Amino acid sequence: MDDAVPADAAPAPATARPGIRAQRDADHRPPPSGTPEPEHFEGHPMIGTFFFDGKPLGGNTYCTGSVVHTAAKDIVLTAGHCGIGLSGATHRIFVPQYRSGKSAAQQPFGVYPVVQVYRDSRYTANTKTAASDLDLSFAQVDAGSRGKVEDVTGALTFTATSSYHHKVTVIGYPGSGSVNAEHVPVRCPVTTSQLPGFRQLRMTCKGFYGGVSGGPWIEDYNSTTGTGKVIGNTGGYNGGGNDANDDWVTYAPVYGKDAQDLFDHAAAHQQLGRKPPYQGSGDPWLPGSAGTWKNARLMASGDFRQTGHSDMIVVWTDGEVTLYPGNGHGGYDPERQLLAPNSTWKDAKTITAGDFTGSNQFDLLVRWADGEVTLYGDVGSQGLNRAGTQMIKPNDTWKNAIQISAGRFAASPYVTDLIVRWADGELTLYTNVSAGTFGQEHKLKDPNSTWKDATLLTSGEFSGNQKWDIMVRWTDGELDNYVGTTTSGLGTEQRIQNPNGLWTHDDAMTTGDFTGNGRTDDLVIRWSDGETTMYTDTPASRLGAGHMLVAPTS
């Protein structure tokens, strides 16, 4: 270890996040009243700090790291800008539960040489751009005299998330000498919010000076054992703090798809391949704020452009109609306006998409406020600025068609069948629907009080069978999937969510093939606050992996 940490290397000046947050000076603004104070404590074995060339053992600590569970038992999480510093060093070590004033041999859990660093090459140290969302890295450490680091210290669980509001404990090793001369760790239990405009968590707590970068944000934290789920690390915009470098404002990247990819590569000891320039997230993403998406009134999905995967059409409260082209990888290409805001489409009450004209390009079916039903064929190429095919003239009966959802419930290989839920609870299946005709009618449910409470309805290939399923959200928040619905009746009910308050806020939903797996099983939910979520590859009995399309307002 004498070779790993040169004894003649001079300590560098103390900084809060390398090159960014200096020790708090008198001219820094005071924190708001009520901002919590951190607790100085003894630390935990799986959380420690780094030393390397120019930052020798016994000097100021350089960043914070935490052991995360992997099969290899040798991976330490830290910030991306810390990883850049470690990558440029010749001799570098990780010291779990570091004790200031003690030699390498006296450290309670040993020292571990860093042999490899894994980071996203699109990240630039301490950037204030969208790429600051990528401010995490992983250090692979060699075994110490006691064995592999995870066997010695235990580990946190790296956990991806798609939300911004969490109760976490944030831990770090402040290295600013006059503030924390003994270099003991601090911890602070906080509730997080969103850093507006970024996929980052925000928290306020005093005392997060130099050296805390990379420190874990732990959910379900056990204060005795130190275990829990790490859902973020100190870092992000400006290296993890605001422009004023206040010690009491701290950020952390949200662990989405990019973070999970990097973790998977590090766990397998593989460097991450080069990626296209960062555009804000590798996760699915839709333009606009949650405030805008509150006004996304109706949604329908289908292959409108003959690409082999789904796109999404949205009808807004002001009558605007927008097409969001799917990219086949769970995301979207730039939006395309089909109709500017107008009074006519304010009267569109429910919509669905299917290949009713037989062109292998999806069409849009609309039920209007006056009971008229109109089919717009080949929307992707022909648009909506035309009359369409009138399926049903204005009438009182179809005013009561509360939901309509296209699918494949009969023998046709195409999406030409239509489920209708009526105001009195009746459920009807129309098979072989085409331009000008509703084909054959099949009653699935007589009028009843139960199905009056079927608030939202969508169709998809959740079970992977030839026949599609019907997903229903009820007024009490219950979510059920009816597996293998056919002309003979509803499929077997499969409970997805028990009655709950959260899902009563599901205001719009649609299902498409957005991941390009050849199955219409990606469920998109627009919540009442405008947050929008995609549950990819949803099976018959549970929700798929959740991905945020539109972030909630902080």
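Worth a mention:
- Residue list for segment 495-519, filter: open to solvent by 40 Å² or more (accessible area, probe 1.4 Å), assigned to a strand (DSSP E or B) and of a type in the set (Val, Ile, Thr): none
- Conditions (1) open to solvent by 20 Å² or more (accessible area, probe 1.4 Å); (2) part of a loop (DSSP other than H, G, I, E, B); (3) of a type in the set (Gly, Ala, Ser); number of the one not met by Gly546: (2)
- The listed residue being closer than 26 Å to Val524 by Cβ, within 38 Å of the chain's Cα centre (by Cα), surrounded by 22 or more Cβ atoms within 10 Å (Cβ to Cβ) and of a type in the set (Val, Ile, Thr), out of Thr416, Thr486, Thr492: Thr416
- Residue in segment 429-439 that is most open to solvent (accessible area, probe 1.4 Å), counting only those that are in a strand (DSSP E or B) and in contact with a Phe, Trp or Tyr (Cβ under 7 Å, 6 or more places away or on another chain): Ser434
- Selection status of Ala139, within 20 Å of the chain's Cα centre (by Cα) and small (Gly, Ala, Ser): no
- Residue within segment 68-89 that is in a strand (DSSP E or B), open to solvent by 10 Å² or more (accessible area, probe 1.4 Å), out of contact with any Phe, Trp or Tyr (no Cβ under 6 Å at 6 or more places or on another chain) and modelled with pLDDT of 90 or more present: no
- Subset of segment 404-413 that is open to solvent by 20 Å² or more (accessible area, probe 1.4 Å) and not small (Gly, Ala, Ser) - its residue that is nearest to Arg473 (Cα to Cα): Arg408
- Against the conditions (1) over 27 Å from Gln270 (Cα atoms); (2) modelled with pLDDT of 95 or more, Ala104 satisfies every one except (2).
- Among residues of segment 281-309, those that are within 15 Å of Thr352 (Cα to Cα) and open to solvent by 10 Å² or more (accessible area, probe 1.4 Å), counted: 5
- Test result for Glu335, within 29 Å of the chain's Cα centre (by Cα), at pLDDT 95 or above and farther than 28 Å from Tyr430 by Cβ: no
The values are calculated or read from the model by the stated rules, or taken from the named source; none is laboratory data. On a predicted model such as this, the values are computed, not experimentally measured, just so you know. Cβ sites come from the backbone with ideal geometry, for glycine too, and all protein chains shown count toward neighbours. We work out accessible area using only protein heavy atoms, side chains counted, and drop any ligands, DNA or RNA first. Shrake-Rupley method; radii C 1.70, N 1.55, O 1.52, S 1.80 Å.
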